[in-house]
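None of the figures in this text is laboratory data; all of them are computed from the coordinates on show. Please read these numbers as outputs of a predicted model, since none were measured by experiment. FYI the Cβ positions are ideal-geometry reconstructions off the backbone, even for glycines, and counts take in every protein chain you see.
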Amino acid sequence: MPDFPDRHEQIRLVHAEFISQVAATCGNAERRPELDGLLASAEQNGWSELVGALRRICAGERGPEVYRGLDEEDQIIAEAILLGMQDPSTLPNPSQRQDPAMAAPGLAHMIHAARTGNPQALALIGNMAEQMSTVGGQMARLAGVIRPMIQGERDPERLIKGMDSAGEQLVQQILDELGKLEAH
């Protein structure tokens, strides 16, 4: 079985692009409009508490109270941004998140864990699917098949409907991994 990042690292990788962009723009007055756009978009996607914490971080607040009211995922994101501002080498690599070799096994493991009743996996993959839906296009189509896979759907023809060849290939790889996991 391949090694997969722990839950905290998975969250950091899922949000790597956002974390990196906020860390890069937060302390830079010239990039303030870019930061404001990122935060406005995040707020529209339901991240009001996180955006509030990030605004406090950008204003210089550093104590533990900055995390008050954040759920676990938001706290991990805020911590990653704060660490990244202090030491950019700690930022998650956005290209690692997009590594197709990692995507299928990682998604399959999360789908399998969610299907077998793991509430953390269900929450994590639910958040991922929600974000993928907001991206639109092929990502939204992939997000749309996650729930059926959690519920046990394994017919590739039903799952790949409307996808491009890359999406079809990814779904097939996920199904192949799920087949291995479910055989045990």
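Diffusion of segment 99-182 by Stokes-Einstein, at 25 °C in a medium of 0.890 mPa s and with Rh set to the Kirkwood radius over alpha-carbon pairs, works out to 196 µm²/s.
Taking label points 7 Å from Cα along the Cα-to-Cβ direction, THR90 and THR134 give a separation of 2.5 nm. The angle separating the long axis of helix 137-150 from the principal Cα axis of greatest extent in the chain is about 60 degrees.
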